[in-house]
Amino acid sequence: MSNNDLQQVIRDFKAYLEQEQRKGLKAVPRTVNRPKIIAKFKAKAATVGLGKSAALDQLHQEYAGCQNCPLGRTRNKFVFGEGSADARLMFIGEGPGFDEDQTGRPFIGKAGQLLTKAIETTIDLQREEVYIGNIVKCHPMKNPDQPTLRGNDRPPAAEEMNACLPIITRQIEIIKPEIICLLGRTAAQAILRSNAGIHELRDKFHILNFSGHEVKCIATVHPASCLYDPANKKYVWEDFKKIRALLKKTSTQI
Ligand code: URA
């Protein structure tokens, strides 16, 4: 292991302990859950030194059979996320809906098609050039006994988000995007650790640090809300224009 890799392992471990501390950990117990903590850290350390794509693949494999929350029992497909591992821009939504659960791909239903079009026309990037993920990776359903019913979606519960947050955090740490666009209130509140509404959070960049990597996060309204009320499109347009301008600015700052 090179010196750089070792430093990355130490940074990751420090960030991991800080994250656990925020969740209420006061000390690492001598016995209770130690093997679990060590296993978790080992899995994380194993991705250090790998290329971004291989690290994402490894993370995907690690969680593909995840049963860390009740959604694992009712999902059809685990929706890890997709796009460029080298993306400068990452999108984070709430969680898979019906179409995503059927296919295992994020944002491919009606809201996803609107998102794809907005990325291409307003930001001037192709969908394949960005990375698209969600806070939770399995479809939260109002009635899990009816997995083939459309419109059976609900926002993820706090316990489901808490169980899933380590995955999106690792995705961010691996990809190291310059900008993250948070789609809708659920994603914005979860990543920005805020209870504020979407209109208070959107329209500006929030600087966040992920294991020593600084990311500019901007929230906007969820594309699905534009399907219900097309007047919401103007917010997406305004926020995406800000993203486009920042991407342009940073690509000429060399
Ligand atoms: N809505 C989301 O938040 N994510 C998806 O992947 C699809 C719809």
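The values are calculated or read from the model by the stated rules, or taken from the named source; none is laboratory data. Since we're looking at a predicted model, the values are computed, not measured. No Cβ is skipped: glycine too gets one built from the backbone with ideal geometry, and neighbour counts run over all protein chains shown.
Every listed requirement among (1) over 15 Å from the mean Cα position of the chain (by Cα); (2) more than 20 Å from S53 (Cα to Cα) is met by R127 save one, (2).
When I180, I132, I207 are checked against the criterion of being of a type in the set (A, V, I, L, M, F, W, C), loosely packed, with under 14 Cβ neighbours inside 10 Å and not in a helix (DSSP H, G or I), a single residue qualifies: I207. Of all the residues in the range 84-112, those that are touching a helix residue (DSSP H, G or I) at 6+ places or on another chain (Cβ under 9 Å) and either without any contact (Cβ under 8 Å) to a residue 40 or more places away in the chain or more than 12 Å from the ligand (Cβ to nearest atom) (or both) number 13. Check A85, A46 and return the single one that is at pLDDT 95 or above and aliphatic (A, V, I, L, M). From the options A85, A46, the qualifying one is A85.
Out of the range 222-236, which residues are loosely packed, with under 15 Cβ neighbours inside 10 Å and either aliphatic (A, V, I, L, M) or part of a helix (DSSP H, G or I) (or both)? Matches in the range 222-236: Y228, P230, A231, K234. The residue list I132, I108, I119 contains one member that is closer than 26 Å to S211 by Cβ and among the β-branched types (V, I, T), which is I132.
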